[in-house]
Every structure is written in C-alpha cells, then in structure tokens.
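Structure, as structure tokens:
The values are calculated or read from the model by the stated rules, or taken from the named source; none is laboratory data. Here the structure is a predicted model, which is why all the values come from computation and not from measurement. All Cβ positions, even for glycine, are placed from backbone atoms using ideal geometry, and neighbour counts span all protein chains on display.
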C-alpha cells in the first residue's frame, strides 16, 4: 500500500473504520524504511496525537 487513499479503500473493503489513529500510524510507517518497535511507533505517534494509547498502537499494528 503506497497511499492513504489506497489504505482507506482497502480498510473499507474489509469493513474496518478509517480512524485518525490508523491514519497517523500509516503515515509514520509509510515514511519509514526501518522496522520500528511498537514503543518507538507509540512515541512518534504521541508527537502528533498526545492522547493515543499504547493499546491502540498495539491493536492497530497487530
């Protein structure tokens, strides 16, 4: 998946909601050549969304 629009379309195809948290995590992962840990991803996401929870990050990447 290369774009947020592709992600949105795919999520809707399989019945998932496109949440701001999922969009944030997609942006962080799509612009990263590394394989960040969930903790590193959580820290980066909190810079954009201070209220995001570690549980949300784990559930989203699972």
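Can you give me the number of residues within region 30-62 that are touching a residue at least 24 places away in the same chain (Cβ under 8 Å), assigned to a helix (DSSP H, G or I) and surrounded by fewer than 17 Cβ atoms within 10 Å (Cβ to Cβ)?
If we filter region 30-62 for residues that are touching a residue at least 24 places away in the same chain (Cβ under 8 Å), which is where we start, we get 30, 45, 48-49, 52, 56-57, 60-61.
Retained after the next criterion (residues that are assigned to a helix (DSSP H, G or I)): 30, 45, 48, 56-57, 60-61.
So of that shortlist, the ones also surrounded by fewer than 17 Cβ atoms within 10 Å (Cβ to Cβ) come out as 30, 48, 61.
Total meeting the criteria: 3.
When restricted to residues that are in contact with a helix residue (DSSP H, G or I) (Cβ under 7 Å, 6 or more places away or on another chain) and under 17 Å from residue 51 (Cα atoms), region 2-25 contains 5.
Only one of 40, 45 is touching a helix residue (DSSP H, G or I) at 6+ places or on another chain (Cβ under 8 Å) and at pLDDT 95 or above. Can you tell me which? Before the answer, list the steps.
Values: 40 fails: touching a helix residue (DSSP H, G or I) at 6+ places or on another chain (Cβ under 8 Å).
Of 40, 45, the one residue that is touching a helix residue (DSSP H, G or I) at 6+ places or on another chain (Cβ under 8 Å) and at pLDDT 95 or above is 45.
Within region 52-62, the set of residues being modelled with pLDDT of 95 or more and within 11 Å of residue 24 (Cβ to Cβ) comprises 52, 56, 57.
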